[in-house]
Amino acid sequence: MAIINRDHAKLICDIGELSAIITDASDLGAMLQKIVDTVAGHMQADVCSVYLFDDAGQELVLRATHGLLPSSVGYVRLRPGEGLTGLAFSERRPVREADAPAHPNYRYFPGIGVEGYRSFLALPILRGRRPVGAMTLQSKQPDHFSAEDVQVFRAITMQLATTIEMARLLLTLERKPATATQTSALPEPRLVRGQIGAEGYAVGEAVLIRQPSLAEIRALLGSAPLDLPDFRRAVRATEKQIENLEKLAGERLSDVTAVIFSAQLLMLRDQSWLGAMEEQIAAGTAPAEAAYRVILNYVELFDRMDNAYMREKRYDVLDVGRRLLANLTGHRDVDSRREGRIAIAAELLPSDVLKLGLEKAGGIVLLSGGVTSHVAVLARSLDLPLLFVDEPHLLQIPEGTRLVLDAHQGNLVVAPSEDVERRYREQDEARRSAPHLAERMRESTHTADGTRVHLLANINLLADVEVARSYKAEGIGLYRTEFPFMIRNDLPSEEEQLRIYRRLVEGMPGREITFRTLDAGGDKVLSYFDYGTEANPFLGLRSIRFALRHRDIFLQQVRAILRAAHDTQVRIMFPMISSPDELASAANAVAECRADLRHEGLLACEHVQLGMMLEVPSVLETMDELAERAEFFSIGTNDFVQYMLAVDRTNVHVADLYIPQHPAVLRGLRRAVTAALRHGRDVSVCGDMAHDPRFVRFLLGIGVRKFSMSARYLPRVQEAIFATHLDEARHFAQRLLAESTVSGATEVLDEG
């Protein structure tokens, strides 16, 4: 047999990564197709196929193939023990044949493109001891597969077993025919797909939540004689309730709930809003009618807005409005027991979600809203799985119907069978074991030859700090300060920011913390701010441009950071710097804040390091000048790729052109890192390339010694670094940089 060089370690790594991101596939068929394409390419096989066992028909069904005709999918079916594939399945063992057609068990299917393939390798896909399918490889070359291939192929099928078993179950659910009439009070088992609002998993009974509309609450008044003092008492009662909600949320969520509910409190103190109601009451309109009209007018105003984020603000108006009317009418919600149950609702308000979290609900299914809404933000912070689905009939299912909510893959299973529910529980247990990876994290990270590398965490919410500590992050390489700005209806004050930033500093004592100043604009719009009309918002008034144009906002934030770090040292990083002039202006603003705070007698950090994000191509030509002013650099690879290639990374029409391994990107990264190191400046990577195992070796090879990423990626990156020798990394980087085409760089990257 000819000796064939295949990088099996790289293949297993790629398959593990593929399994972890299967939710990116458009459907189950696409996910399975990714698997067979990846395995076929790495194993240098002409054919790779996946068969799944159909319990109903008691047969193996071809579900995905690379190499055979597409029409063979769903057509090729084998009984256990039939053919070489059925033999591997029934006997739970590998079947390797140098010349498959000569084997007595060989099964020939005409018209599927199987002719000419000689070598054959099949392995059962086992969940424990139970076979759930089989995977096969074929080659036109005789005796193509080695004993080593068998072992590697076994490792691959074991790694994919849970994913493929779930695909098998979901395909079974999708095949269930819809019945014309219901013959039972119980709903038929079925699968509903949705948009993930907050990741998580729950199994439990459905509880239907239907909030009374504003009109229904108003109608409860009838002809009750109410006056302006009654209205004002209801306003005070509403204000007190919202303040209590803030307290109920607890310390852990202060950065989220404080800004959401403080925005609602501001509405209750806004004279243009309350004044409009009081004017109508003074003119003789009943208080509930006056409040209803004004609230409805505001809701309709938000509904008509083009900006999706602005439209979400209707829920804040509804939240406050419903509470105000309820206090006028004396109406109170009658809550059912919700602990462990999955709430289904047409819409929910922020306070509703907070209440469900405090009641320990299992999860939420919403028929309206979006991932940018306050509802989604709160659900994520409360670790409350949330799925948005466009299925109004879900409100008709009987209360208590069993549900499986899988907000990792975007699936809701209605009335699951015991077997399906059990499989989902097993899958969730496997997911829950992932945090144990944190226990394997070592305190410090080194390459295989002993070079020190630093691993830090990216932070969005204060709740992420505890996760970062559990994963032994050496510090915070990027704190995205824009979040408290994005989730509210107005700008957070200096004092509000101070409280959030102080808790962050206290949460990571003695460790490096890098605050990135407000990175608004592009896809991070402040809904309450008038940007004017921008044809190209990613090239418009965003990031440091926005901050320098609106210095009052910028200075408030810098002051809050300096005050929060009065007894420690932190780093301040400016986003999207494109010239030494911008960097100088930003640095001057910090110096101005420090001087003002000193003059005011307020405690503030005196020794702050100032750095910048490397994101736009213009910095490559001015790195020497920038390095004279910046004390550190952090490469935001997502924007760096976007601007280097002129590809909007949020535009699905050009998504295939967003290519991190583009030679211009790779060479630009090398050039930036080399210049920073030449001036003795600290340089880190905080974009997606930092946690992609394919690029870690390249980044090490060009000199990067600091990586920052979402904490859950730290274990796999640390493992990749421990396995890397610097000489090999440098050689690998040189090979990549020598390629002048995307296809050439991709080939080197895939070869590893």
Test set (1) more than 25 Å from Asp750 (Cα to Cα); (2) more than 37 Å from the chain's Cα centre (by Cα) - Phe145 fails condition number: (1)
So if I check each of Glu243, Glu279, which one is part of a helix (DSSP H, G or I), modelled with pLDDT under 85 and more than 16 Å from Leu378 (Cα to Cα)? Glu243
With Ala690, Ala723, Ala738 as the choices, which residue is crowded, with 22+ Cβ neighbours inside 10 Å and either within 26 Å of the chain's Cα centre (by Cα) or within 25 Å of Gly41 (Cα to Cα) (or both)? Ala690
With Arg681, Arg671, Arg667 as the choices, which residue is in contact with a strand residue (DSSP E or B) (Cβ under 7 Å, 6 or more places away or on another chain) and within 18 Å of Val704 (Cα to Cα)? Arg681
Within the set of pairs 6+ apart or on separate chains, which have a first residue in the range 31-48 that is within 14 Å of Ala161 (Cα to Cα) and in the same structural domain as Pro142 (by TED's automatic domain parsing), a second that is basic (Lys, Arg) and at pLDDT 85 or above, and C-beta atoms under 7 Å apart? Leu32/Arg63
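Which residues, taken from the range 555-583, are more than 29 Å from the chain's Cα centre (by Cα) and among the hydroxyl-bearing types (Ser, Thr, Tyr)?
Passing the criteria: Thr568, Ser579.
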Can you list the helices (runs of 4 or more DSSP H) found entirely within the range 713-752 that contain at least 1 residues being farther than 16 Å from Gln661 by Cβ? 714-722, 726-738
Only residues in the range 681-701 that are basic (Lys, Arg) count as the first member; pair them with residues that are assigned to a loop (DSSP other than H, G, I, E, B) and buried (at least 24 other Cβ atoms within 10 Å of the Cβ), Cβ under 9 angstrom, at least 6 apart or cross-chain, and list the lot. Arg681/Ala630
Selection count where residues are under 22 Å from Glu719 (Cβ atoms) and in contact with a strand residue (DSSP E or B) (Cβ under 6 Å, 6 or more places away or on another chain), scope the range 458-477: 7
Considering the range 203-238 alone, what residues qualify as being in contact with a Lys or Arg (Cβ under 9 Å, 6 or more places away or on another chain), under 29 Å from Pro398 (Cα atoms) and either aliphatic (A, V, I, L, M) or modelled with pLDDT of 75 or more (or both)? Val203, Gly204, Glu205, Ala206, Val207, Ile209, Leu214, Ile217
Got a sec? Which of Leu518, Leu504, Leu526, Leu491 is assigned by TED's automatic domain parsing to the domain that holds Leu597, under 30 Å from Asp303 (Cβ atoms), modelled with pLDDT of 90 or more and among the hydrophobic types (A, V, I, L, M, F, W, C)? Leu518
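With the structure loaded, tell me whether Leu52 is modelled with pLDDT of 85 or more, outside any loop (DSSP other than H, G, I, E, B) and under 15 Å from Ile164 (Cα atoms) or whether it fails that test.
Criteria met by Leu52.
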Can you spot a residue in the range 656-663 that is touching a residue at least 60 places away in the same chain (Cβ under 8 Å), farther than 20 Å from Ile513 by Cβ and surrounded by 22 or more Cβ atoms within 10 Å (Cβ to Cβ)? yes
Just for the range 674-687: of the residues that are in contact with a helix residue (DSSP H, G or I) (Cβ under 8 Å, 6 or more places away or on another chain) and part of a helix (DSSP H, G or I), which one is surrounded by the most Cβ atoms within 10 Å (Cβ to Cβ)? Ala676
How many residues of the range 493-513 are more than 25 Å from the chain's Cα centre (by Cα), surrounded by 16 or more Cβ atoms within 10 Å (Cβ to Cβ) and assigned to a loop (DSSP other than H, G, I, E, B)? The answer is 1
Looking only at the range 693-712, how many residues end up being surrounded by 22 or more Cβ atoms within 10 Å (Cβ to Cβ), part of a helix (DSSP H, G or I) and out of contact with any Phe, Trp or Tyr (no Cβ under 7 Å at 6 or more places or on another chain)? 4
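For (1) more than 19 Å from Tyr479 (Cα to Cα); (2) of a type in the set (A, V, I, L, M, F, W, C); (3) assigned by TED's automatic domain parsing to the domain that holds Glu474, each residue gets a yes or a no:
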{"site": "Met623", "(1), (2), (3)": "yes, yes, yes"}
{"site": "Phe633", "(1), (2), (3)": "no, yes, yes"}
{"site": "Thr637", "(1), (2), (3)": "no, no, yes"}
{"site": "Tyr643", "(1), (2), (3)": "yes, no, yes"}
{"site": "Ala655", "(1), (2), (3)": "yes, yes, yes"}
{"site": "Ile659", "(1), (2), (3)": "yes, yes, yes"}
{"site": "Leu666", "(1), (2), (3)": "yes, yes, yes"}
{"site": "Leu669", "(1), (2), (3)": "yes, yes, yes"}
{"site": "Ser710", "(1), (2), (3)": "no, no, yes"}
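The values are calculated or read from the model by the stated rules, or taken from the named source; none is laboratory data. Treat the numbers as computed from the prediction; the structure is a model and nothing was measured. As a convention, Cβ positions derive from the backbone with ideal geometry for all residues, glycine included, and neighbour counts pool all protein chains shown.
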